[in-house]
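The structure appears below as structure tokens.
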Amino acid sequence: MRLLLTTAQGIEDIAKKEIMELLKENTVTIQEKPFNVEGRLLVEVKETFYTDEKGRKRPFEFATYLNEKSKTLHRVIIEIASHEFKGITEENPEKALKRIEEFTVNIPVERFIKVTESFAVRAFRKGEHTITSVDIARVVGKAIFDRLSRIGSPIVNLDHPSTIVRAELINEAFFLGIDTTGDHSLHRRPWRVYDHPAHLKASIANALIELAEVEDGASFIDPFCGSGTIPIELALRGYQGRIICLEKFAKHLNGAKMNALAAGVFDKIEFIKGDARRLSKYVDEVDFAVSNLPYGLKIGRKSMIPSLYERFFDELSKVLQKRGVFITTEKEAIEKAIEEVGFKITHYRIIGHGGLRVHTYVIS
Ligand code: SAM
């Protein structure tokens, strides 16, 4: 069986590492960015069985397992077919849709979708095309309906389907599969009861924690913690060590507390209302700092960012013992501030977050 896994762009390698640790020897192959599509992984898993409490042999449901355990994935899709539609980005709508429909109708979807159960197609499209995701959902839905009609009476239920079929067209790559995650991406954590206007995706929070290589027993701070995504995700990983969530605005800090309560990790985090430009007032030293810095887009003004970063990194240099990981859209401002106080950039990458390309730095 092959699984198409989705995650944030730019953290495919971190997701791959996590999946390999979760699936262990059950992974046959794992491919990052199939057809060069960012934010996707294709994993082939060995068919594996276990014996249930009644002594029956049952297949191990890897998709369910990954939905429950993964911290970096957005979706777990059982692959039905993948295909590269060369030239589809240039084609007129009729031709492009006809190619997709003809391709889909020839796939034995009845092996994946029970004709007695309802289905719906959810389409996703990215890149330059002459067709929309609504067009794709329509033709793929029709092709599946026609195919299933050969063996019975298919049932479509667009609102509450038993089976969600996901059709993705990303540039020239087309993926068709059963979406086992459902209508809500895994990065939308159930603990998020307070919705910060600029919150970080939990998958990216975990990737940043991985990049920091935090060590159990060490102290950790998110100095711009907002609704607490990074500290909460760290606490949920069972981290043993001091975790501090610092935030300037009471509204967001209260939101972080509410989120931590909902996540069941309130007692594991110290919440401090304070200004990161005066970091050394609140902590004498801290081993790790990981943060999604203010960008000046949704909160505050862009013009205040350079001086905010300069003052923050100056303070950080007084207290940071090991490593820091920071993400921002403000490349010039962060690089200037980091270098001015003598930190060394040990790793850099770009991560896709909410339609933005954010710059990510590991410093020591
Ligand atoms: N990662 C957070 C989350 O997932 O909710 C969002 C962080 S948001 C990009 C940046 C946060 O920094 C905002 O909540 C903002 O109120 C806070 N902030 C801005 N200036 C600050 C300062 N000087 N000290 C501490 N926090 C500050």
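The values are calculated or read from the model by the stated rules, or taken from the named source; none is laboratory data. All values derive from a computational prediction rather than experimental measurement. No Cβ is skipped: glycine too gets one built from the backbone with ideal geometry, and neighbour counts run over all protein chains shown. To get the accessible areas, we keep the full protein, side chains included, count just its heavy atoms, and leave off ligands, DNA and RNA. Shrake-Rupley method; radii C 1.70, N 1.55, O 1.52, S 1.80 Å.
For Ile327, the conditions (1) more than 14 Å from the ligand (Cβ to nearest atom); (2) closer than 23 Å to Gly228 by Cβ all hold with the exception of (1). With the structure loaded, tell me whether Phe119 is touching a strand residue (DSSP E or B) at 6+ places or on another chain (Cβ under 7 Å) and free of Cβ contacts under 8 Å to residues at least 40 places away in the same chain or whether it fails that test. For Phe119, the condition - touching a strand residue (DSSP E or B) at 6+ places or on another chain (Cβ under 7 Å) and free of Cβ contacts under 8 Å to residues at least 40 places away in the same chain - is not met.
Pairs meeting the criteria (first residue in the range 190-215 and farther than 14 Å from Ser227 by Cβ, second residue modelled with pLDDT of 95 or more and of a type in the set (Ser, Thr, Tyr), beta carbons under 7 Å, at least 6 apart or on different chains) are Ser203/Thr7; Ser203/Thr72; Asn206/Thr72; Ala207/Thr72; Val214/Tyr239.
Against the definition (in contact with a helix residue (DSSP H, G or I) (Cβ under 7 Å, 6 or more places away or on another chain), open to solvent by 40 Å² or more (accessible area, probe 1.4 Å), basic (Lys, Arg) and in the same structural domain as Pro231 (by TED's automatic domain parsing)), how does Arg301 come out, yes or no? Spell out the reasoning first.
Values: in contact with a helix residue (DSSP H, G or I) (Cβ under 7 Å, 6 or more places away or on another chain): no; open to solvent by 40 Å² or more (accessible area, probe 1.4 Å): yes; basic (Lys, Arg): yes; in the same structural domain as Pro231 (by TED's automatic domain parsing): yes.
Taking the combined requirement at face value, the residue does not satisfy it.
When every residue of the range 52-60 is checked against the conditions, none turns out to be touching a residue at least 40 places away in the same chain (Cβ under 8 Å) and touching a Ser or Thr at 6+ places or on another chain (Cβ under 7 Å). Those strands (runs of 3 or more DSSP E) of the range 150-226 in which at least 3 residues are in the same structural domain as His359 (by TED's automatic domain parsing) and in contact with a helix residue (DSSP H, G or I) (Cβ under 9 Å, 6 or more places away or on another chain), considering only elements entirely within it, cover 220-222.
Return the residue satisfying two criteria in turn: it lies in the range 219-234 and is over 18 Å from Phe312 (Cα atoms) and buried (at least 22 other Cβ atoms within 10 Å of the Cβ), and of such residues it is farthest from the ligand (Cβ to nearest atom). It comes out as Leu234.
Can you find, within the range 235-253, the residue that is most open to solvent (accessible area, probe 1.4 Å) among those that are assigned to a helix (DSSP H, G or I) and more than 9 Å from the ligand (Cβ to nearest atom)? Don't jump to the end; show me each part of the working.
Step one: of the range 235-253, the residues assigned to a helix (DSSP H, G or I) are 235-236, 250-253.
Within this subset, residues satisfying the condition of being more than 9 Å from the ligand (Cβ to nearest atom) are 235-236, 250.
Numbers: Ala235: 5, Leu236: 66, Ala250: 44 Å².
Checking each candidate, the answer is Leu236.
Among the residues of the range 154-166, is there at least one that is surrounded by fewer than 17 Cβ atoms within 10 Å (Cβ to Cβ) and at pLDDT below 95? Within the range 154-166, none of the residues are surrounded by fewer than 17 Cβ atoms within 10 Å (Cβ to Cβ) and at pLDDT below 95. Selection of first residues in the range 254-269 that are open to solvent by 70 Å² or more (accessible area, probe 1.4 Å) and of second residues that are away from the ligand (no atom under 12 Å from the Cβ) and in a helix (DSSP H, G or I), restricted to Cβ pairs under 6 Å at least 6 apart or on distinct chains, gives the following pairs, ordered by first then second residue: Lys268/Ala235.
Looking only at residues in the range 281-315 that are more than 12 Å from the ligand (Cβ to nearest atom) and out of contact with any Asp or Glu (no Cβ under 9 Å at 6 or more places or on another chain), the one that is farthest from Leu200 (Cα to Cα) is Asp284.
Among all residues of the range 250-268, there is at least one that is touching a Ser or Thr at 6+ places or on another chain (Cβ under 9 Å), among the small types (Gly, Ala, Ser), over 21 Å from Thr360 (Cα atoms) and assigned by TED's automatic domain parsing to the domain that holds Gly355.
Here the condition is being over 19 Å from Ala8 (Cα atoms), open to solvent by 10 Å² or more (accessible area, probe 1.4 Å) and within 11 Å of the ligand (Cβ to nearest atom); of Asp195, Asp216, it holds for Asp195 alone. Only one entry in Val290, Val325 is touching a Gly at 6+ places or on another chain (Cβ under 8 Å), open to solvent by less than 30 Å² (accessible area, probe 1.4 Å), closer than 25 Å to Ala218 by Cα and in a strand (DSSP E or B), namely Val290. Against the list (1) touching a strand residue (DSSP E or B) at 6+ places or on another chain (Cβ under 9 Å); (2) open to solvent by 20 Å² or more (accessible area, probe 1.4 Å), the condition Arg311 fails is (1). For Arg278, the conditions (1) within 12 Å of the ligand (Cβ to nearest atom); (2) closer than 28 Å to Thr72 by Cα all hold with the exception of (2).
Taking (1) surrounded by fewer than 16 Cβ atoms within 10 Å (Cβ to Cβ); (2) more than 28 Å from the chain's Cα centre (by Cα) in turn, His347 satisfies each apart from (2).
Quick check, is Ser280 open to solvent by less than 60 Å² (accessible area, probe 1.4 Å) and outside any helix (DSSP H, G or I)?
Values: open to solvent by less than 60 Å² (accessible area, probe 1.4 Å): yes; outside any helix (DSSP H, G or I): no.
For Ser280, the condition - open to solvent by less than 60 Å² (accessible area, probe 1.4 Å) and outside any helix (DSSP H, G or I) - is not met.
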